[in-house]
Amino acid sequence: MISRRNTHWQLARGRVLELGAQGHIMAIVNVTPDSFSDGGRHAQTDGAVRHAMSCVAEGAAILDIGGESTRPGAAAVTPAEEQDRILPVIEKLVGETDAIISVDTYRAVTARLAMAAGAHVINDVHGLQREPDMADVAAETGAGICIMHTGRDRTDRRADMIEDQQYFLTRSLKIAHAAGIKDAAIVLDPGFGFAKNRDDDMELIARFRELQSLGFPLLAGTSRKRFVGSVTMRDPADQRDIGTAATTAILRLAGAAIFRVHNVAANRDALLMADAVLASRAAQREES
């Protein structure tokens, strides 16, 4: 187990994202007709590119491009359908922005094509444990890799929330290391909402600091999730941005480095406030 957190996230094409005094926003760009919150709004290439560029203007450092909904019960798409949706978007964005581009996929073949099209990061919601070749693609391309915890389709879940995170993610890290992925390329995501109920997600927020023992930077993806709606009594999902921004501030103070969100502006403001608190704490420590 790594005893320290990386301070620089190494990505494809020589890109590096500094992880330290400033938290970072990863904007969700769903090129899908059926995502739970914004399905269909940016399903065409030009609309998705416009949305992505507006996210950059609002402060997103990373654009996460996805072509298949991961909501429970969503219809699966073929690899060809997924690629037809996202590859033109990635290709256009490469020519229009210096923002870091992430591909949200669990398919190794899609990830490889996305990296060839110009992406810098692979975001795998199955934590390298669904398709064996995914880790090889990340290692061979030098991609930054987001390894997410999930409880879906598992029969080996541990009763304790943090113990299960450690159990699943340790197995993912072994896969990553066996493929030759460098520690500096790895970010971990605890997978809010993925086979987790409201109590699970709230416990995960309350105990988030314990995940720092894994030794890697942490990504939080709470945006518009069902538990946010349950707590705030907000429906539909696009009414949950204020609640999401609250979780962003809380989790930044608990150690998260990257925040995957729908509403960049609201979460950027929350993140700036949390970063200011962290800066004040650091200054007080130096004075004492």
Would you list, by chain and number, the aspartates and glutamates whose Cα falls below 14 Å from the Cα of residue 182, excluding same-chain residues fewer than 8 positions away? 136, 140
Would you mind getting the accessible area per residue of the chain, heavy atoms of the protein chains only, 1.4 Å probe, in Å²? 43 Å²
Rg(Cα) / (2.2 N^0.38 Å) computed for the chain, rounded to two decimals: 0.93
Full-extension gain in nm, residue 198 to residue 130, via 0.36 nm per residue minus C-alpha separation: 21.9 nm
How many angstrom separate the Cα center of the range 171-240 from the Cα center of the range 258-288? 19 Å
Mean projection of the alpha-carbon convex hull of the range 145-190 over all orientations, in nm²? 3.3 nm²
What order do you get for 47-53, 218-224 when each peptide is scored by the mean count of other beta carbon atoms within 10 Å, highest first? 218-224, 47-53
By the DSSP-based rule, helices of the chain that are at least 15 Å long along the axis (C-alpha) and have a mean Kyte score of at least 0.5 are 241-253
Label points 7 Å out from Cα along the Cβ direction at residue 288 and residue 178: separation in nm? 4.6 nm
Using a probe of 1.4 angstrom, how much of the accessible area of the range 8-287 is carbon and sulfur, in percent? 51 percent
Which peptide among 59-70, 19-30, 157-168 comes first, and what is the full order, when sorted by highest mean count of other Cβ atoms within 10 Å? 59-70, 19-30, 157-168
Helical mean residue ellipticity (222 nm; -39500 (n - 2.57) per DSSP H run of 4+; nearest 500) of the chain: -13500 deg cm²/dmol
Compactness of the range 54-149 - radius of gyration and Dmax, Cα, Å: 12.8, 37
How big is Rg to Rh over the range 188-288, alpha-carbon atoms, Rh as the Kirkwood inverse-mean-distance radius? 1.00
Separation in nanometres of the label points that stand 7 Å from Cα toward Cβ, at residue 167 and residue 281: 3.0 nm
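The values are calculated or read from the model by the stated rules, or taken from the named source; none is laboratory data. Owing to the predicted nature of the structure, the values given are computational and were not obtained by experimental measurement. Please note: Cβ atoms are built from the backbone with ideal geometry, for glycine as well, and neighbour counts cover all protein chains shown. Ligands, DNA and RNA are excluded from the accessible area calculation, which covers all protein heavy atoms including side chains. Shrake-Rupley method; radii C 1.70, N 1.55, O 1.52, S 1.80 Å.
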